[in-house]
Each structure stands twice: as structure tokens, then as C-alpha cells.
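Here is the structure we will look at.
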Amino acid sequence: MIVVMREQASQAEVASVVELLKSKGLGVHVSEGAEKTIVGVIGPKERVRELPLEALSGVEKVVPVSNPFKLASRAFHPQDTLVQVGDVVVGGAEPVVIAGPCSVESADQIIEAARAVKQSGAHMLRGGAFKPRTSPYSFQGLGEEGLRYLAMAREATGLPVVSEIMDAEQLPMMERYVDVLQIGARNMQNYTLLKAVGRSRKAVLLKRGLSATMEEWLMAAEYVLAGGNPNVILCERGIRTFETYTRNTLDLNAVPVIQHLSHLPVIVDPSHGVGHWRYVTAMARAGIAAGAAGVMVEVHPNPQEAVSDGEQSLTVENFDRMVREIRRIWAALSEETALVMGR
Ligand code: PEP
Ligand code: MN
């Protein structure tokens, strides 16, 4: 349920609604909009219905929320959430570009990649130090050594770094090195991990699970928000379908659907979405055209030598072109919006 307050409702009126709800043991989330304040209620519907909320002064109406996600829902929080990472704003006026190799391989490799992607306009550097590989015999990542190299690359370029956390126990270590905690597709429903990052103050990049519905994905985000961490970025990275020419199917439906259902920023990862470098730029462009707040792409100084995901990694030259192209699409859409709004 949400309680929509009247436009002129005073702070005291909002406070008395909150007090009543809390006194009945219900969870409360207040969202102050430009015009109206919305009080989101978390708890059994029956208990909320018993309360004389509509009779309280300042209350305009009480509206049921049928979705199981609450804190992640737009009904609870009508304005877009902007996630700030250093000087970078995800969900803001510019498309955010996160780029770098699948895995951190050496100090030289990650620093070279960081310098190159920064030069082409990337806002953040990605690189896995703990890799969730299908085979236990494949490269598993450099571990903490890889995190140290990532921190060196941040030092060298100023780019904030994003890296995958695989286990709740890794949180204190990850927090020492990274700016954004990535939850990988395979861990989207690792609830212990979601609760752990919910206690963190670091931004969380939550990838969609390989066969997760959008509702399951938003419920995963709900865990992080319910734990007290509001800084969640959703990342569509492709889902399993019957198609075999691509590694996954980048589900661009998710972009407008999530934006309708949720206030959280959503970005796309076309690298894992298609699995072949040749198709990555087209799908990055499509993601931005669909309304994504940014892209995360794999870029390697020498893709043929990459220890993981080389086949889907862009060269620096191709990445440079991709950035220019998505910026043009973003600018064209912004101009169109400005025209429609009469600006
Ligand atoms: C990755 O970003 O390298 C990765 C492993 O992604 P996903 O969890 O989407 O497979
Ligand atoms: Mn990868």
C-alpha cells in the first residue's frame, strides 16, 4: 500500500501518518516528491486496511500496490534514483560507460586497458578478480592480487572501479578496493550475498540472472534496498533462450519495463548479451535507444590473448567508435525530448 499525501500536506501531517503505521509494527518508507509526499507501507495488507488512514488530515488517498517488490517500485518512489559513484552519476544527464576486460590479468594489462578506455570516454573501469567460471579448470581470477591491480589502475586514471563479489565473506576485502560491487548473473539469487551488500554503503551493480524473470530480478534488488543500501544499478546482461548463434539474448524489453516498474537506473551489458564482439556495438546502440542509462562492455588491449571472454571483447578502436555512436544516439533522443517539451 502507499499513502499519497495532499500537495499542501504539512510535515506534521506526514509525521502523524508515519507514527500510526509504525505503532502498528508496519515498515514505512517516505518519498518526498516535488509536489507530493508518498508514504510506502510494508507489511500485511489486512493490517494496513484496518487503519483509518484516509480519515487522517493531509491524506489524499490510499492505493494498493500489487507488486511484491516495494522499495524497488516506482509506486513507492516516483522519482528516478540517481546512483552517484565518485563524480559519476548513473541515471543522470549523460549515458554512463563502464568498460574494461572480463578479467584482471596483470597490473600492466589493467592499467593499459584503463588508460585506453578513459581516453575514449569511459566513466568507470570494470575487471573481474573473482571469476564465476562454468568449468573449475578455467582461470578463476587473480583474487586479491587482481583487486590491488584494479586499485592501481584507479590511481593511474582516476576511474572508479567495478568488480564482482562472489561471496558474502569477501565483503570487507572488496570494500577496501572497489567503488562498485558487481553481483554476477549466477549470484543474483544468492540471498546471503544480497543481504551482505545491503549492509554496505558501496553502490551495487546487480546483473539479471540467466533465467530470472524481471520480477525475480527486482525482488533481488529489494533485498539490497531492504538491507539499507539504496544505491542499486540494474544491469540487463542477456537471458537464456533457444538461440545458439548468440551466447544469450539481450532482453531489451527489460529496459522500458523496468523503468516503468522501478525507479532504479538500468544499464545494459551487450558483451554477455550477445557473446561476439561483432554484434556488441549494435546492441549497445540499441540499449541506449531503448532508454538505458548506460552500458557495460568488455574491452581488452589484445582480445586474442584474453584469458576469459576474448571473443566478446572489443578492441580499443572498436570501443572508441562505439562510444561515439552511443553518444550520438543519446544526444538525438535528448534533442527530441527537448523539442517535445518545448525547450
Ligand atoms: C562478467 O561481467 O564478466 C560476468 C561474469 O558477467 P555475468 O555475471 O553477467 O555472466
Ligand atoms: Mn565476462
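The values are calculated or read from the model by the stated rules, or taken from the named source; none is laboratory data. Predicted model only: the values in this text are computed from it and were never measured. Methodologically, a virtual Cβ is constructed for each residue, glycine included, from the backbone with ideal geometry; neighbour enumeration extends over all protein chains shown.
Which members of the stretch 289-343 meet the condition of being away from ligand 1 (no atom under 16 Å from the Cβ), farther than 21 Å from Ile233 by Cβ and β-branched (Val, Ile, Thr)? It would help to see each step written out before you state the result.
Of all residues in the stretch 289-343, those away from ligand 1 (no atom under 16 Å from the Cβ) come to 289-291, 293, 301-302, 304-305, 315-318, 320-343.
Keeping just the survivors that are farther than 21 Å from Ile233 by Cβ gives 301-302, 304-305, 315-318, 320-321, 324-325, 328, 331-332, 335-343.
Scanning the stretch 289-343 gives Thr315, Val316, Thr337, Val340.
Does the stretch 114-127 include one or more residues that are among the polar types (S, T, N, Q), more than 16 Å from ligand 2 (Cβ to nearest atom) and more than 26 Å from His260 (Cβ to Cβ)?
Kept after step one, since they are among the polar types (S, T, N, Q), are these residues of the stretch 114-127: 119-120.
Right, trim to more than 16 Å from ligand 2 (Cβ to nearest atom) and you get 119-120.
Subsequent filtering for residues that are more than 26 Å from His260 (Cβ to Cβ) retains 119-120.
Checking the stretch 114-127: at least one residue is among the polar types (S, T, N, Q), more than 16 Å from ligand 2 (Cβ to nearest atom) and more than 26 Å from His260 (Cβ to Cβ).
May I ask you to verify whether Val96 is under 15 Å from Ala306 (Cα atoms), of a type in the set (Val, Ile, Thr) and in contact with a Gly (Cβ under 9 Å, 6 or more places away or on another chain)? Steps first, please.
Values: under 15 Å from Ala306 (Cα atoms): no; of a type in the set (Val, Ile, Thr): yes; in contact with a Gly (Cβ under 9 Å, 6 or more places away or on another chain): yes.
Taking the combined requirement at face value, the residue does not satisfy it.
Here is a check on your reading of the model: is Val280 surrounded by fewer than 24 Cβ atoms within 10 Å (Cβ to Cβ) and touching a helix residue (DSSP H, G or I) at 6+ places or on another chain (Cβ under 9 Å)?
no
Confirm whether Glu94 is assigned to a helix (DSSP H, G or I) and in contact (Cβ under 8 Å) with a residue 60 or more places away in the chain. Show your work before the answer.
On the way: assigned to a helix (DSSP H, G or I): no; in contact (Cβ under 8 Å) with a residue 60 or more places away in the chain: yes.
Against the criterion (assigned to a helix (DSSP H, G or I) and in contact (Cβ under 8 Å) with a residue 60 or more places away in the chain), Glu94 does not qualify.
Identify, please: which residue in the stretch 228-254 is more than 27 Å from Lys195 (Cβ to Cβ) and away from ligand 2 (no atom under 16 Å from the Cβ) and is, among those, surrounded by the most Cβ atoms within 10 Å (Cβ to Cβ)?
Going through the qualifying residues, I end up with Leu252.
Output the qualifying pairs, or none if there are none: Cβ atoms under 9 angstrom, residues six or more apart or on different chains, first residue in the stretch 234-253 and in the same structural domain as Tyr223 (by TED's automatic domain parsing), second residue surrounded by fewer than 17 Cβ atoms within 10 Å (Cβ to Cβ) and among the charged types (D, E, K, R).
From the stretch 234-253, the pairs are Arg247/Glu311; Asn248/Arg240; Thr249/Arg240; Thr249/Glu243.
Which one of these is within 20 Å of Phe76 (Cβ to Cβ) and away from ligand 1 (no atom under 13 Å from the Cβ): Leu206, Leu234, Leu261? Step through it out loud before you land on a result.
On the way: Leu206 fails: away from ligand 1 (no atom under 13 Å from the Cβ); Leu234 fails: away from ligand 1 (no atom under 13 Å from the Cβ).
Only one candidate qualifies: Leu261.
What is the one condition in (1) in a loop (DSSP other than H, G, I, E, B); (2) on the phi < 0 side of the Ramachandran plot that Gly228 does not satisfy?
(2)
Check Lys45, Lys22, Lys70 and return the single one that is away from ligand 2 (no atom under 16 Å from the Cβ), touching a helix residue (DSSP H, G or I) at 6+ places or on another chain (Cβ under 8 Å) and not polar (S, T, N, Q).
When all the criteria are applied, what remains is Lys70.
Contact list please: Cβ distance under 6 Å, first residue in the stretch 97-111 and more than 15 Å from Asp269 (Cβ to Cβ), second residue away from ligand 2 (no atom under 14 Å from the Cβ) and of a type in the set (D, E, K, R), pairs at least six apart or on different chains.
Qualifying pairs under 6 Å: none.
Output the number of the condition that Ala292 fails; it satisfies all remaining conditions of (1) free of Cβ contacts under 8 Å to residues at least 24 places away in the same chain; (2) not in a helix (DSSP H, G or I).
(1)
Do the conditions hold for Leu264, that is, is it outside any helix (DSSP H, G or I), of a type outside the set (Phe, Trp, Tyr), crowded, with 16+ Cβ neighbours inside 10 Å and in contact with a Leu (Cβ under 9 Å, 6 or more places away or on another chain)? Give the derivation first.
Values: outside any helix (DSSP H, G or I): yes; of a type outside the set (Phe, Trp, Tyr): yes; crowded, with 16+ Cβ neighbours inside 10 Å: yes; in contact with a Leu (Cβ under 9 Å, 6 or more places away or on another chain): yes.
In short, yes.
Would you say Leu225 is modelled with pLDDT of 95 or more and either β-branched (Val, Ile, Thr) or more than 15 Å from the chain's Cα centre (by Cα) (or both)?
Here the answer is no, as Leu225 does not meet what is asked.
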